[in-house]
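Okay, structure first, notes after.
The values are calculated or read from the model by the stated rules, or taken from the named source; none is laboratory data. These numbers were taken from a predicted model, which means no experiment stands behind them. In this analysis, Cβ positions are derived from the backbone assuming ideal geometry, glycine residues included, and neighbour counts consider all displayed protein chains.
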Amino acid sequence: MRQRYLLLLIGLVLALLALGALPSLLASGDPYYVTATEADTDHAAVDVSNFSAQQYPYLFAALSDGRSGSYYEGPVGIKGAFTHSPFDEFGALRTRSPDAVEGDVAYVQHNGTVYRLELARETDE
């Protein structure tokens, strides 16, 4: 009887580990990117100079390279529940300063420079 419960527990742990790894393998649809361009504007901006690059990987990749890595939504929206996305980062920026984010565009200040971030979807045409 104990062996059955132990096997059930081990199976449950393995299933949860697989579920955590699975979303990174799901890639469907067109990819999303965060793009960053310098902006000469007086628009409200979030100061991200003290933000962590580990907490905002898409934002900092865009600030350093002009464009972040790709993010695929995945089928049926299941991926978003288990992975970090650029949508999460824009939501966090919106929480900090609602005036700095307008839809898929956000304004941030990093080391004294204001950047316009845009959440863009690349389509195959």
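Quick notes on this one:
- Only a single item in (1) outside any helix (DSSP H, G or I); (2) modelled with pLDDT of 90 or more; (3) surrounded by fewer than 11 Cβ atoms within 10 Å (Cβ to Cβ) is not met by T95, and it is number (1).
- In the range 53-76, the count of residues that are of a type in the set (S, T, Y), within 12 Å of the chain's Cα centre (by Cα), in a helix (DSSP H, G or I) and modelled with pLDDT of 90 or more is one or more.
- Criterion (surrounded by fewer than 18 Cβ atoms within 10 Å (Cβ to Cβ), modelled with pLDDT of 90 or more and touching a Lys or Arg at 6+ places or on another chain (Cβ under 7 Å)) met by exactly one of V105, V101: V105
- When the range 30-52 is filtered for residues that are touching a residue at least 60 places away in the same chain (Cβ under 8 Å) and in a loop (DSSP other than H, G, I, E, B), the ones remaining, listed by number, are D30, P31, A39, D40, T41, H43, A44, A45, V48, S49.
- Within the range 108-125, considering residues that are of a type outside the set (D, E, K, R) and in a loop (DSSP other than H, G, I, E, B), the one modelled with the lowest pLDDT: T123
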